[in-house]
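Only one structure is covered here, and it is reproduced in the block below.
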Amino acid sequence: MARRSCGGVSLIELIVFILVVSVVMAGLVLGMSSAVRTAPEPRVMHQGLQLAQGRMELILEQKIRLGFAGLTGANFDPCVPPGGQEACLAPATFAVLSCFYTGAGTRGFGAASTCRTPADVNYTCVRVRATGPDGTTVAELDSMFANY
């Protein structure tokens with residue numbers, strides 16, 4: 001008597017498939033949970049970004065008030081003591097730092113990006129960095145101001 005071929009899946013094949021899928025899923029869940037555990041909280045990142053954007057807007061207003069030629073490393077940030085405004089205040093667990101880049105030697109934010117060449121005096125760069133409660137950087141903004 002000839003056996004008819006059935007096109008189904010055997011029980012052993014089904015168990016092996018479930019086992020393989022469960023091992024893959026366990027690896028994915030483990031990787032995602034460690035990534036989420038080490039990432040900053042979205043609330044902290046959002047608050048840091050708001051603080052950095054606020055400081056950058058104050059610096060831009062300082063550029064408008066003083067003019068491009070009057071903007072120097074000593075006066076570009078209105079939040080630096082002895083001045084400062086209420087708008088400069090940050091929550092106690094955050095810190096907002098600003099840097100002014102111009103001239104030779106400090107003309108770039110990194111190896112690949114350059115703010116301006118030493119011969120070109122029509123551009124200046126500013127970086128604002130916000131650090132969170134644990135001291136890590138949660139937001140960083142770079143801006144190039146032009147003499148227009």
Full-stretch length increase - L97, F68 - with 0.36 nm per residue and alpha-carbon distance subtracted: 8.3 nm
With a point put 7 Å past each Cα toward its Cβ, work out how far S143 is from I18 in nm, to one decimal. 6.0 nm
What's the local net charge at A139, with K and R +1, D and E -1, over the other residues with C-beta under 15 Å away? -1
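Where a number appears in this text, it was derived from the coordinates with a stated rule and is not lab data. Just so you know, these numbers come straight off a predicted model, no measurement behind them. No Cβ is skipped: glycine too gets one built from the backbone with ideal geometry, and neighbour counts run over all protein chains shown.
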